[in-house]
Every structure is written in structure tokens, then in C-alpha cells.
Amino acid sequence: QVQLVESGGGLVQAGGSLRLSCATSGRTFSNYAMGWFRQAPGKEREFVARISRSGTTTRVADSVKGRFLISRDNAKNTVYLQMNSLKHEDTGVYYCAASSLVLPVITTEFDYWGQGTQVTVSS
């Protein structure tokens, strides 16, 4: 089992920045690729970003490319999502997830999920 706890969400004005953190415990953190997803009210959960086990390979959704950056610190068992130039449409609950696959992308490829942290961007 892997436990994930997100933090860092909140209310921010459009154009502002937030950094989300996801602290993990349980099994060896470096054995898992990590991802961030988000879900807006009335919409399906969508992929935001993913980082490989070593942190050398990342992928972000087109909608956040150039604005969001995913990173990880395997010594601290933590993955981060730096969000810059936030837009109103970035509003939603952000979830951290862990996968035993090498390069997962879709929700069903992730094994463990956090409870989520709310991000609200005011326009």
C-alpha cells in the first residue's frame, strides 16, 4: 500500500502561482511513477502531469504546457506540481497518484490515489 497526502491548494487570482505537494508513505517511493490529475465540477478527472520513477522523464497535458512543472524528490518521498500563470479553467480538485507502470497516463494505470486538494483560481 502507498499512502498519498496532497497539500498546497488554495484560492489564487488568475495569473498567480501555487505549488502542490504530495507526500507519500508505505512502499518504496522510487518504485512508482507519479502523476497529477484534476477534476472540475461536473467534469471527468483529467490527466495533468506525470513523472517517471527517476524523475528524468516528464509529460504534461497540452492545456498546462509551459505553465505547470512536475518534479519529485525521492529522498523526501514527495512529488510536486508547480503551477504558474494560473487560469480560471485550472480550478478543480487536484489529485496525486502513484503507478507501478513505467510511463502511465490514464487514470486506470494508476494504483493509488490521494484525497485531493482544492485549487480555485479567481478571474
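Pull up the cross-link candidates among the lysines for LYS87, meaning alpha carbon to alpha carbon under 19 Å and not fewer than 8 places away within one chain.
LYS43, LYS65
Report P(r) for segment 69-123: all Cα-Cα distances, bin width 5 Å, range 0 to the bin holding the largest distance, values in whole percent.
Using 5 Å bins, I get a P(r) of 4, 15, 20, 27, 19, 11, 4, 1 for segment 69-123.
Between VAL93, VAL102, VAL79, which gets the highest mean-square fluctuation from a Gaussian network model of the chain, Cα cutoff 10 Å?
Looking only at VAL93, VAL102, VAL79, the largest GNM fluctuation is found for VAL102.
Expressed as a whole percentage, what fraction of the accessible surface of the chain belongs to carbon and sulfur atoms when a 1.4 Å probe is rolled over the protein heavy atoms?
Values: 2960 of 6280 Å².
Answer for the chain: carbon and sulfur cover 47 percent of the accessible area.
Could you work out the relative contact order of the chain? I mean the mean sequence separation of Cα pairs under 8 Å and 6+ apart, divided by the number of residues, in percent. Working shown, then result.
Numbers: 316 pairs, mean separation 44.0, N = 123.
Normalised by residue count, the contact order of the chain is 36 percent.
So what's the convex hull volume per residue for the Cα atoms of segment 25-101, in Å³? Intermediate values should be presented prior to the final figure.
On the way: hull volume 7.5 nm³, N = 77.
Spelled out: Cα convex hull of segment 25-101, divided by residues, is 97 Å³.
Can you give the accessible area per residue of the chain, in Å², using a 1.4 Å probe?
Solvent-accessible surface per residue comes out at 51 Å².
The values are calculated or read from the model by the stated rules, or taken from the named source; none is laboratory data. It should be emphasised that the depicted structure is a prediction, and the values quoted were computed from it without experimental measurement. Please note that ligands, DNA and RNA were not included when accessible areas were found on the heavy atoms of the full protein model with its side chains. Shrake-Rupley method; radii C 1.70, N 1.55, O 1.52, S 1.80 Å.
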